[in-house]
Amino acid sequence: MIIFPAIDIRKGKCVRLQQGEFSREQIFGENPVETALQWLNRGAQFLHVVDLDGALEGRTVHTRLIREIINRVPIPVQVGGGIRTLEDIHRLLGIGTARIILGTSAVLKTDLVKQAIALYGEKIAVSLDAKNGYIAVDGWKTVTNLRAIDFAKELQNIGLQTIVYTDIAKDGMLAGPNYTELEEMKKNLTLDLIASGGVSSKADIEKLQQMGFYGAIIGKALYTGDIRLEEL
């Protein structure tokens, strides 16, 4: 199972949010590039970078910083946040992004996902950010009436190969993942699943591995030292 250290960029800094709320932000680093190098030196094999300002504004804001991270680390980097068009996807892949993560745009424009998969195949992933099993969009501000599991099946049917599943209620809380939702996802899908939100101990990682997850994104627990990357 791949461990993805999370680097969330807001106003040029590395931050963590609690339950997706921008009012509950903690700054964990002044320089996201230095943070990326830190995770590389501790053994990271793949990085997960989110442009939080981009997610809020509906456009990629921190392209320069993302490019610098990609140029400085010799490991793959997947990127999400504010990616809404094929042009956005093309531009980010052009600077060396290994995998694009679509969020709101995937929910609001299913055709975009189909076109992106047709053009870029496995380089396209979708992040399903859910609250009580229902998808949230626009930087997690709006909860829809669309069930995450139903939309995940739809995405699998159109050829998507990777889904990131984030439980907003668990994110940044160090309280463990929502195993009930994750088990339902695993049971109903055959594509690669990446768990995100609440992964806070080595035991969580071991359980997700046993469940057959392709990967786990870890944020706050790495920054607080609850999980030590070099010990995994």
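The values are calculated or read from the model by the stated rules, or taken from the named source; none is laboratory data. What you are looking at is a predicted structure, and each value in this text was computed from that prediction instead of being measured. Note that each Cβ is placed from the backbone with ideal geometry, even for glycine, and that neighbours are counted across all protein chains shown.
Residue count for segment 120-157 satisfying the condition of being of a type in the set (V, I, T) and modelled with pLDDT under 95: 5. Number of residues in segment 104-130 that are surrounded by 18 or more Cβ atoms within 10 Å (Cβ to Cβ) and outside any helix (DSSP H, G or I): the value is 7.
Within segment 205-232, take every residue that is in a helix (DSSP H, G or I) and among the basic types (K, R) and give me the one that is surrounded by the fewest Cβ atoms within 10 Å (Cβ to Cβ).
Taking segment 205-232 and keeping what is in a helix (DSSP H, G or I), we get 205-211, 220-224, 229-231.
Subsequent filtering for residues that are among the basic types (K, R) retains 207, 220.
Working: K207: 18, K220: 22.
Here the answer is K207.
So for segment 55-71 (the condition being in a strand (DSSP E or B) and within 21 Å of I194 (Cβ to Cβ)), does at least one residue qualify? No - not one qualifying residue is present in segment 55-71. All conditions but one from (1) in contact (Cβ under 8 Å) with a residue 40 or more places away in the chain; (2) under 22 Å from L102 (Cα atoms); (3) touching a Phe, Trp or Tyr at 6+ places or on another chain (Cβ under 9 Å) apply to L222; the one that does not is (2). Scanning segment 131-147 finds no residues that are of a type in the set (F, W, Y) and in a helix (DSSP H, G or I). Considering each residue of segment 160-173 in turn, none proves to be out of contact with any Lys or Arg (no Cβ under 7 Å at 6 or more places or on another chain), charged (D, E, K, R) and exposed (fewer than 15 other Cβ atoms within 10 Å of the Cβ). The numbered conditions (1) more than 20 Å from V199 (Cβ to Cβ); (2) at pLDDT 95 or above are all true for K13 except (2).
Scanning segment 41-100 for residues that are surrounded by fewer than 23 Cβ atoms within 10 Å (Cβ to Cβ), touching a residue at least 24 places away in the same chain (Cβ under 8 Å), small (G, A, S) and out of contact with any Pro (no Cβ under 6 Å at 6 or more places or on another chain) yields a total of 3.
A count restricted to segment 101-135 and to residues that are free of Cβ contacts under 8 Å to residues at least 40 places away in the same chain, of a type in the set (S, T, Y) and closer than 15 Å to F151 by Cβ stands at 2.
When V164 is tested against (1) touching a helix residue (DSSP H, G or I) at 6+ places or on another chain (Cβ under 7 Å); (2) among the aliphatic types (A, V, I, L, M); (3) assigned to a strand (DSSP E or B), only condition (1) is not met.
Only one residue in R64, R24 is more than 17 Å from the chain's Cα centre (by Cα) and either hydroxyl-bearing (S, T, Y) or at pLDDT below 95 (or both). Which one? Working first, answer last.
Details: R64 fails: either hydroxyl-bearing (S, T, Y) or at pLDDT below 95 (or both).
On inspection, the qualifying residue turns out to be R24.
Please work out which one of (1) touching a helix residue (DSSP H, G or I) at 6+ places or on another chain (Cβ under 8 Å); (2) at pLDDT 95 or above; (3) among the charged types (D, E, K, R); (4) farther than 19 Å from A36 by Cβ is the condition E87 fails and give its number. Failed condition: (1). Scanning segment 186-203 for residues that are at pLDDT 95 or above and in contact with a strand residue (DSSP E or B) (Cβ under 9 Å, 6 or more places away or on another chain) yields K186, L189, L191, D192, L193, I194, A195. Based on what the data block shows, is T144 in contact with an Asp or Glu (Cβ under 7 Å, 6 or more places away or on another chain) and surrounded by 15 or more Cβ atoms within 10 Å (Cβ to Cβ)? Taking the combined requirement at face value, the residue does not satisfy it.
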